[in-house]
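All remarks here apply to the structure that follows.
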Amino acid sequence: RQALRLFDNNAILQRISIIAKDSCSDHLAGLGARGIAGTCKDKFNGVTKPPLLVVIPAKGALKSFSIGKYEVTNEEWNEYCAATQKCDQKSDAPQIPVVNVQINQITEYAKWLSEKSGRVYRLPTQAEWFHAASSTQGSVDPNRNCKLSTRGIQKGSELVRTSLGQQNAWGLVNVVGNAQEIVVNRPGVFSVVGGSYDTDMSECNLTTIKPYSGAADNFSGFRIVRELR
């Protein structure tokens with residue numbers, strides 16, 4: 001750009017395309033559990049609470065992609081609602097997962113993020129979610145927020161903060177339990193995966209999956225994917 005100011009008629013300089021560096025690139029793949037340096041986020045026009053992302057390595061037919069380290073929160077959702085007037089803000093705790101939203105509202109939220117950032121944001125596919133949630137461990141947080149009542153121990157009575165829990169090897173937190181997460185099976189067909197705080201602990205696993213109609217309910221939230229270039 002400085003050269004163009006000095007040589008504004010230079011044909012060679014005019015043919016050069018300047019492409020902004022992608023903060024979420026393959027060099028971060030698999031490093032999301034290593035602290036803030038292993039995460040990334042986009043710069044948005046007028047958005048102060050962008051999703052914090054981790055980059056997931058490619059596997060087979062799945063290309064590498066970035067996905068929310070945490071489930072989308074009420075605080076993030078409320079900023080969208082305030083900016084667009086397309087939804088009602090949530091009065092619950094700001095750091096718990098946003099639930100009780102319809103699929104068309106979630107789609108509009110992803111579209112808004114895409115427009116603001118110039119990147120592609122969307123819901124994960126079922127295959128992407130399972131790959132990211134399984135990481136290299138294939139195990140789940142033993143203290144996950146699922147329903148449990150035994151020997152005086154009570155769990156799973158309500159949603160907890162998205163950041164509360166053990167991260168997996170790629171940095172994702174609360175992939176199982178808390179809010180069950182909406183994924184795409186194929187265009188227009190959705191499921192919820194991972195179980196929720198209302199799912200019995202014995203059935204609250206990576207392989208827990210149920211059909212999802214797209215209607216709002218108190219148990220279903222989502223994690224956002226951002227495609228890499």
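The values are calculated or read from the model by the stated rules, or taken from the named source; none is laboratory data. This one's a predicted model, so the numbers in the text were calculated from it and none came from an experiment. In this analysis, Cβ positions are derived from the backbone assuming ideal geometry, glycine residues included, and neighbour counts consider all displayed protein chains. Accessible surface is based on the protein model in full, side chains and every heavy atom, while ligands, DNA and RNA are left aside. Shrake-Rupley method; radii C 1.70, N 1.55, O 1.52, S 1.80 Å.
For region 162-229 and region 34-109, what is the centre-to-centre distance using only Cα atoms, to the nearest Å? Centre-to-centre (Cα) distance: 13 Å.
Pairs of Cα atoms nearer than 8 Å and 6+ residues apart set the relative contact order; for region 117-188 it is 39 percent. Checking the cross-link pairs Lys69/Lys147; Lys49/Lys90; Lys41/Lys63; Lys21/Lys63; Lys41/Lys111 against a 21 Å limit on the alpha carbon distance flags Lys69/Lys147 as lying beyond it. Derived from the Cα gyration tensor, the three semi-axes of the equivalent ellipsoid of region 79-178 are 28, 20, 11 Å, largest first.
Highest GNM mean-square fluctuation among Lys63, Lys155, Lys49, for the chain modelled with Cα contacts below 10 Å: Lys63. Taking square-rooted eigenvalues a ≥ b ≥ c of the alpha carbon gyration tensor, is region 131-222 rounded, prolate or oblate, where a/c under 1.5 means rounded and, failing that, a/b exceeding b/c means prolate? The shape class here is oblate. On full extension, the segment bounded by Ser202 and Thr136 gains 21.6 nm, given 0.36 nm per residue less the C-alpha separation.
Working note: 222 nm ellipticity from helices only, DSSP H runs with n ≥ 4, each -39,500 (n - 2.57), summed and divided by the residues of the chain, gives -5500 deg cm²/dmol to the nearest 500. Here the simple spin-label model places points 7 Å from the Cα toward Cβ, and for Asn185 and Gln89 these points are separated by 3.7 nm. The Kirkwood hydrodynamic radius of the chain, based on inverse pair distances between different Cα atoms, is 18.5 Å. In the chain, the portion of solvent-accessible area held by carbon and sulfur atoms comes to 50 percent [1.4 Å probe, whole percent, DNA, RNA and ligands not counted].
Note: relative contact order over the chain, using C-alpha pairs below 8 Å and six or more positions apart, is 22 percent. Residues of region 13-42 with backbone nitrogen within less than 14 Å of a virtual label 7 Å along the Cα-to-Cβ line of Ala3, please, listed as ranges. Flagged as within label range: 13-19. Remark: region 72-199 carries a charge dipole of roughly 240 debye about the Cα centre, counting +1 on each Lys and Arg Cβ and -1 on each Asp and Glu Cβ.
Counted by Cβ distance under 14 Å from Asp26, the other residues give a net charge of +3, where Lys and Arg count +1 and Asp and Glu count -1.
In angstrom, the C-alpha Rg and Dmax of region 27-71 are 11.5, 37. Projecting label points 7 angstrom from Cα along Cα→Cβ for Lys63 and Ile36 puts them 3.1 nm apart.
What number comes out for accessible area per residue over region 111-229 if the probe is 1.4 Å? Units Å², please.
Details: 5630 Å² over 119 residues.
With the other protein chains kept in place, region 111-229 gives 47 Å² per residue.
In a shell of Cβ-Cβ distance under 9 Å around Ser114, excluding Ser114 itself, what net charge do Lys and Arg (+1) and Asp and Glu (-1) give? Within the 9 Å Cβ shell, the charges total +4. For region 1-82, the per residue solvent-accessible surface stands at 60 Å², with DNA, RNA and ligands left out and a 1.4 Å probe. Taking all Cα-Cα distances within region 53-93, those exceeding 14 Å account for 60%.
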